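Note sheet for the following structure.
The values are calculated or read from the model by the stated rules, or taken from the named source; none is laboratory data. From a predicted model like this one, the values you see are computed outputs, not experimental measurements. Here Cβ is always computed from backbone atoms with ideal geometry, including for glycine, and neighbour counts include all displayed protein chains. Surface areas here come from the heavy atoms of the whole protein model, side chains and all, with no ligands, DNA or RNA. Shrake-Rupley method; radii C 1.70, N 1.55, O 1.52, S 1.80 Å.
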Amino acid sequence: MRHPSSGPGLPAVPDIAAALAWARTHIELIDARVLLRHVLQCTGARLVAYPEQRLADAEWAAYRALVERRAAGEPVAYLTGTREFYGREFLVTPAVLIPRPETELLVELALAHCAARRGVRVLDLGTGSGALAVTLALELDAPDVVAVDRSREALQVAMANAARLGASVCLVLSDWFAALGEERFGLIVANPPYVAAGDPHLAQGDVRFEPVTALAAGPAGLDDLAAIVGAAPRWLEAGGWLFLEHGYDQAAAVRSLLLDAGFAAIASWKDLAGLERVSGGRWPGRK
Ligand code: GLN
C-alpha cells in the first residue's frame, strides 16, 4: 500500500472527508466510517456534519494503522474492540467469537419459552464474550445465570462484559458440563463450534482471525452439538429447555440427536436469513 500521506493531492493530515476518501480506496465505506468513528470517538452524524474537520496527527496515524489492518483482513470488531449484540455493546478480543446477529434468535427463543418463569436457572455453554449469558441475565426476570467456557481468556472477556453491562453472571472455567456439580437448570443455551473441520469457510474472511476452537467441531461439525445434547439431560430440570445454535444444514441432524436423547417438543427455528439456525427441545424429566 502506498503511504497515504505521500499520495498525490492528499494533505499530510487530512480532514474527515479526505481521510474517508483515502480509506475507501482500501476498504469498504461502511468499515471506513466505523473505524473513523472509533478513532475520533464520535457519532456517524459528526462525520457527515463536519467533513472539513481536520484530524489531529495522532488520529490520522491511528486511523491509517487501522485501515491497513482492515485491508489485511482483520475483523472490524477486533479493531474497535466492540460489537453490538441484542442492542448492547460487548467487548470482544481475538480470544472470543464475534457475536453474530443470527445468535439473537437464541435469545428470542429463550425469552419466549422462559420469560414467564421468575428466577429461572440458566446455563450458557461456551459463553465466549458472554453475549448470550449477559443478555439473558439482563432480559429475564431475576434469573440465576451460570456461564462456562474452557478458555480462561474468554472468561475474562465475559467477566468484563458482565461488569460493564451490570449483569450478574456466575462464570465458571469448564469444558462444557465438566466442572459443574449436581445442579439443574431450567434453560440451557449454547452457540458451540459447529463448522466442519475441513470447511473452506474457515479459511475465508473475518473467520480466519477468530479462535478456531470456537468454530470447528469434527469432520461434520457435529461433535460438540452431540456431546452437549447427550449430556444435557443430567443438568436439566423436568420441563427445562435446551436451545442450540447450529449450521444452516444441521437442523435435521440436531433434531435427531435431541430425539435420541429423549427430548420432547423438538423443533427448529429459522433466522432472519430464512435458515434453520436453532433447534431445541424440552426435557420431560427423568426417564
Ligand atoms: N456462524 C458462524 C460462522 O459461520 C459459526 C459460529 C459457530 O461455530 N458457533 O462463521
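Taking the criterion of being more than 9 Å from the ligand (Cβ to nearest atom) and closer than 19 Å to Ser129 by Cα, the residues of the stretch 191-212 that qualify are Arg208, Phe209, Pro211, Val212. Taking the conditions (1) open to solvent by 60 Å² or more (accessible area, probe 1.4 Å); (2) of a type outside the set (Asp, Glu); (3) not in a helix (DSSP H, G or I) in turn, Ala58 satisfies each one other than (3).
Working only within the stretch 87-133, note down all residues that are away from the ligand (no atom under 16 Å from the Cβ) and either β-branched (Val, Ile, Thr) or closer than 18 Å to Pro75 by Cβ (or both). Within the stretch 87-133, Glu89, Leu91, Thr93, Val120, Val122 qualify. Each residue in the stretch 134-179 was checked for being among the hydrophobic types (A, V, I, L, M, F, W, C), away from the ligand (no atom under 16 Å from the Cβ), part of a loop (DSSP other than H, G, I, E, B) and open to solvent by 20 Å² or more (accessible area, probe 1.4 Å), and 3 pass. Per the conditions (1) open to solvent by 50 Å² or more (accessible area, probe 1.4 Å); (2) in contact with a helix residue (DSSP H, G or I) (Cβ under 7 Å, 6 or more places away or on another chain), the sole criterion not satisfied by Ala216 is (1). Being modelled with pLDDT of 95 or more, within 16 Å of the ligand (Cβ to nearest atom) and aliphatic (A, V, I, L, M) is a condition met by at least one residue of the stretch 229-241.
Does Arg118 count as within 26 Å of Ala267 (Cα to Cα), open to solvent by 20 Å² or more (accessible area, probe 1.4 Å) and at pLDDT 95 or above? Answer is no for this residue. Counting the residues of the stretch 180-189 that are touching a residue at least 60 places away in the same chain (Cβ under 8 Å) and surrounded by fewer than 21 Cβ atoms within 10 Å (Cβ to Cβ) gives 2. Consider the stretch 190-212 and keep the residues that are open to solvent by 60 Å² or more (accessible area, probe 1.4 Å), out of contact with any helix residue (DSSP H, G or I) (no Cβ under 9 Å at 6 or more places or on another chain) and part of a helix (DSSP H, G or I). The one that is nearest to Thr127 (Cα to Cα) is Ala203.
When the stretch 276-287 is filtered for residues that are open to solvent by 20 Å² or more (accessible area, probe 1.4 Å) and either at pLDDT 95 or above or touching a His at 6+ places or on another chain (Cβ under 6 Å) (or both), the ones remaining, listed by number, are Glu276, Arg277, Arg282, Pro284.
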